[in-house]
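*Asks:* Shown below is the structure under consideration.
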Ligand code: F3S
C-alpha cells in the first residue's frame, strides 16, 4: 500500500491510521515524513534502537511533554537503550546538581521507563548489552555509537535524532535510505595514515582532523594494523563531532573494508597533522575539572585508571564517565574501591558534556576526548586535551 512515496505494508498502514494507538501513529507519521524527504521506497524492520535526547539540559520542558504524551499508550517494540542523562541518576547530589534540575531529569527518565526503554544511560550501548550483529538494520541516535555500529559492528543505521530513533522503537521500523543501502557505504576518501598512532587520543585527534575534511563522507583508513576497541571508540566519536561522518572503513580491521577504497580521493594524515591537531585541541591553562570517558569508558580503561590512582588522592574534581554495566564489572573486579579511595568519582548515566557543568562554576576542563573538547568549547569553556594517563596524573597533582 502507498499513501505517499513510501510503500507501506498493511501493518504499517494500520499504524499510520491509528489502529495501533496514538504513539505508534505519531511515530509512523515521523518516519513516513523522513522517508519522503530522503526518498525511501519503503520501511525496514529494525532490531535495535539507541535513543538520544535524554539530558534535561537539552530537552527542556517541551521534551518532557512530548515524551509523556507518547508514554500514554506507546511501548518499545525492539530492544531500546538510552543515551546519558544530565546527571548520575543516583549520585546527582555528590555531583553538585541542583534539586530542581534533578526532579525534571527524573521525570524524563520516568517517561522513558513507561515507554519500555531500558534505562541504560550510556553512549556505548555496545558495551552494555545492546550489540547488534553484522548486517542488522538498526536506528541509533548517538553519533559516536552510530559510527561504531556502522563501521566496527557492520550494522546499518543513519544518524538518527532523538524523535526519529524513538519513533523507530515504537514501530519497529525505519525508512530504508542512507546507510541502510549498500551504495551509501562506499568510501568517498582514502586516508593514507602516515603518522605513527599509539594511544586512543591519537585516534581521537586523527578522527577530528579527518571528520573536518570529509564532512559527511565515508573515509577509508589505509593502515593495516590491528586497532583496539578503545582506539576505535575514540576515532568514531571524533569523526562524528568535527564532521557529519556516520561510517568509516579501516583496512584489516572493519568488516566491510574488504571492498577497498576504489578510486576515492587520497588524503594523507601525517605526523605533522597529528601534532598540529593535538595542539589545536588544547587551550592550555590549569584545569579545575578533569573528566575522562567520552565515549563512556570501557572496563579496560577503568582498570588502567585504578592502576594510576592506586594509593593516591585527587586534588581536583575528577569524573570517570561510564555505563552502569561497566561500573558493576568494575565493582566486582575491585577497581571501584581503589578509584573511590582516591577521591575520584564515577559519573555513571551521564558525562561532562550533557551534565550542566558550566553551571557548577568550573572554568577549565581537562579531558582525553576530541569530541568532548569540541562540545565543551561550544558551551564556552576552556579545555585541555590530554591523554588518559595525563588526566589521572593531573588530578593527583603529578606531572
Ligand atoms: Fe558520550 Fe557524552 Fe561523549 S554522551 S560520546 S560521553 S559527549
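*Asks:* Of all residues being within 18 Å of the chain's Cα centre (by Cα) and farther than 27 Å from residue 377 by Cα in region 325-359, which is surrounded by the most Cβ atoms within 10 Å (Cβ to Cβ)? Just the residue, please.
*Replies:* Looking at the filtered set, the residue picked out is 326.
*Asks:* Criterion first (over 30 Å from residue 255 (Cβ atoms) and away from the ligand (no atom under 16 Å from the Cβ)) does residue 76 satisfy it?
*Replies:* Against the criterion (over 30 Å from residue 255 (Cβ atoms) and away from the ligand (no atom under 16 Å from the Cβ)), residue 76 does not qualify.
*Asks:* Scan region 350-376 for residues that are touching a strand residue (DSSP E or B) at 6+ places or on another chain (Cβ under 6 Å) and without any contact (Cβ under 8 Å) to a residue 60 or more places away in the chain and jot them down.
*Replies:* 376
*Asks:* Could you check, for region 105-114, whether at least one of its residues is within 16 Å of the ligand (Cβ to nearest atom) and under 30 Å from residue 203 (Cα atoms)?
*Replies:* Looking through region 105-114, none of the residues is within 16 Å of the ligand (Cβ to nearest atom) and under 30 Å from residue 203 (Cα atoms).
*Asks:* Checking the conditions here, which among 354, 383 is more than 19 Å from residue 313 (Cα to Cα) and in a strand (DSSP E or B)?
*Replies:* Answer to the check: 383.
*Asks:* Still on this structure, I have one more. For the list (1) under 26 Å from residue 298 (Cβ atoms); (2) without any contact (Cβ under 8 Å) to a residue 60 or more places away in the chain; (3) buried (at least 20 other Cβ atoms within 10 Å of the Cβ), I need the number of the one condition that residue 232 fails.
*Replies:* (2)
*Asks:* Across region 276-298, what is the total count of residues that are away from the ligand (no atom under 16 Å from the Cβ) and out of contact with any strand residue (DSSP E or B) (no Cβ under 8 Å at 6 or more places or on another chain)?
*Replies:* The total comes to 4.
*Asks:* Of all the residues that make up region 117-165, how many are surrounded by 20 or more Cβ atoms within 10 Å (Cβ to Cβ), more than 13 Å from the ligand (Cβ to nearest atom) and part of a loop (DSSP other than H, G, I, E, B)?
*Replies:* 8
*Asks:* Take the residues of region 366-380 that are within 12 Å of residue 281 (Cβ to Cβ), within 14 Å of the ligand (Cβ to nearest atom) and not in a helix (DSSP H, G or I): which is nearest to the chain's Cα centre (by Cα)?
*Replies:* Taking the candidates together, the pick is 369.
*Asks:* Hey, among the residues in region 200-219 that are outside any helix (DSSP H, G or I) and touching a helix residue (DSSP H, G or I) at 6+ places or on another chain (Cβ under 7 Å), which one's surrounded by the most Cβ atoms within 10 Å (Cβ to Cβ)?
*Replies:* My answer is 219.
*Asks:* Same structure again: Look at residue 172 and say whether it is crowded, with 19+ Cβ neighbours inside 10 Å, modelled with pLDDT of 95 or more and under 18 Å from residue 130 (Cβ atoms).
*Replies:* So residue 172 passes the test.
*Asks:* Another one. Could you list, in sequence order, the residues of region 310-340 that are more than 16 Å from the ligand (Cβ to nearest atom), in contact with a helix residue (DSSP H, G or I) (Cβ under 8 Å, 6 or more places away or on another chain) and over 16 Å from residue 299 (Cβ atoms)?
*Replies:* Within region 310-340, 310, 314, 315, 316 meet the criteria.
*Asks:* Can you find a residue that is modelled with pLDDT of 95 or more, closer than 17 Å to residue 152 by Cβ, within 16 Å of the ligand (Cβ to nearest atom) and in contact with a strand residue (DSSP E or B) (Cβ under 6 Å, 6 or more places away or on another chain) anywhere in region 254-267?
*Replies:* Checked region 254-267: no residue is modelled with pLDDT of 95 or more, closer than 17 Å to residue 152 by Cβ, within 16 Å of the ligand (Cβ to nearest atom) and in contact with a strand residue (DSSP E or B) (Cβ under 6 Å, 6 or more places away or on another chain).
The values are calculated or read from the model by the stated rules, or taken from the named source; none is laboratory data. This structure is a prediction, so every number in the text was calculated from the model and none was measured. Cβ sites come from the backbone with ideal geometry, for glycine too, and all protein chains shown count toward neighbours.
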